[in-house]
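Visitor: Before we start, here is the structure in question, set down as structure tokens.
The values are calculated or read from the model by the stated rules, or taken from the named source; none is laboratory data. Treat the numbers as computed from the prediction; the structure is a model and nothing was measured. When we count neighbours, we look across all protein chains shown, and the Cβ atoms used for this are built from the backbone with ideal geometry, even at glycine. The accessibility values were calculated without ligands, DNA or RNA, using every heavy atom of the protein model including side chains. Shrake-Rupley method; radii C 1.70, N 1.55, O 1.52, S 1.80 Å.
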Amino acid sequence: MTSPTVAMVRTETRLFTRERLSLFWILAFPTLLLVVLGVVPAFREYNEDFGNRRLIDLYVPTTVLLSMIMAAIMTMPPTLTGYRESGVLRRLGTTPARPASILLGQVLVHAVAVAASSVIVLVVGRLVFGTPLPGSLLGYAAAYVLALAVSLGIGTAITAVSPNARTGQVVAMVAFIPSMFTAGVYFPVEVFGGTVRDVISLTPYGAASNALNDAGAGAFPQLMDLAVMGGWAIMLYVIAVRAFTWE
């Protein structure tokens, strides 16, 4: 017999696959951005200031983080706040499928979509532009899991503090711009130095960018970057648990 939780996860998966716009932003857009940047000759020139790497090499971890931002901030919160506003979560409270099953389903489908997007980015970058694969698999895995955890923490916190879908969109946009900046979408984190770089490194995506870049270059990420992501993840999930309401 299929448990209510498994059935709910399957339902959320089926509904998610019908959301073509969400699929585009999470699965296709990061790779498209990488390809567009890669066709620019200046992005394929080696630069000693970047450790004899190319800009396109630096944008591989950035586009990986971009898929996390799109999933956790732009697609998951509107879905969950919409469920709350329409009374779906409240009605589920009277059935064997508890509302928490929806949260689990949403987290799982978005995590799987981000993982698929990351694989596409790494493969396309390698085959089309010769970008290096992660040099430290263990370090990359540690950085990736923490980056994904803190990203989904941002999404659940936005959902928790937003009483309705409209407010959720506003809060998400407030979080979206600085997340894009600190992830290096506008400018690679490596171009910054001094105090600005130190401040960026204390943000979730700044630390994630540092850690993924270190692992990509073959070194294990600095413990400080992993600790920053872990600390943010704990704080965000505590906020989500304390502020979340089903109605």
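Visitor: In degrees between 0 and 90, to the nearest 10, how far off the longest principal axis of the chain does helix 204-216 point, with axes built from Cα atoms?
Guide: Roughly 50 degrees, rounded to the nearest 10.
Visitor: A further question on this structure: Whenever you get a sec, compute what percent of the accessible area on segment 132-211 sits on carbon and sulfur atoms (1.4 Å probe).
Guide: 76 percent
Visitor: Report relative contact order for the chain in percent, whole number only (criteria: Cα-Cα under 8 Å, sequence separation at least 6).
Guide: 26 percent
Visitor: In the Gaussian network model of the chain, springs joining C-alpha atoms below 10 Å, which of 125, 231, 184 carries the largest mean-square fluctuation?
Guide: 231
Visitor: For segment 129-247, what is the charge dipole size about the Cα centre, in debye to the nearest 20, if Lys and Arg each add +1 at the Cβ and Asp and Glu each add -1 at the Cβ?
Guide: 220 debye
Visitor: Another question, if that's okay. Leaving ligands, DNA and RNA out of it, report the carbon-plus-sulfur percent of the accessible area of segment 1-95 at a 1.4 Å probe.
Guide: Of the solvent-accessible surface of segment 1-95, carbon and sulfur hold 60 percent.
Visitor: At 10 °C and a viscosity of 1.306 mPa s, what translational diffusion coefficient does Stokes-Einstein give for segment 50-178, taking Rh as the Kirkwood radius over Cα pairs? Give it in µm²/s as a whole number.
Guide: 98 µm²/s
Visitor: If I fit a long axis through the Cα atoms of helix 55-69 and take the longest principal axis of the Cα atoms of the chain, what angle between them do I get, 0 to 90°, rounded to 10?
Guide: Rounded to the nearest ten degrees, it is 10.
Visitor: Under a 1.4 Å probe, what is the accessible area of segment 97-155 per residue, stated in Å²?
Guide: About 39 Å² of surface per residue is accessible.
Visitor: Another question, if that's okay. Angle between the Cα long axis of helix 223-243 and the longest principal axis of the chain, 0 to 90 degrees, nearest 10?
Guide: Tilt relative to the chain: about 20 degrees.
Visitor: Turning to a different aspect of this structure: What is the calculated FRET efficiency for residue 112 to residue 42, with r their C-beta to C-beta distance and R₀ = 30 Å, to the nearest 0.05?
Guide: After rounding, the FRET efficiency stands at 0.30.
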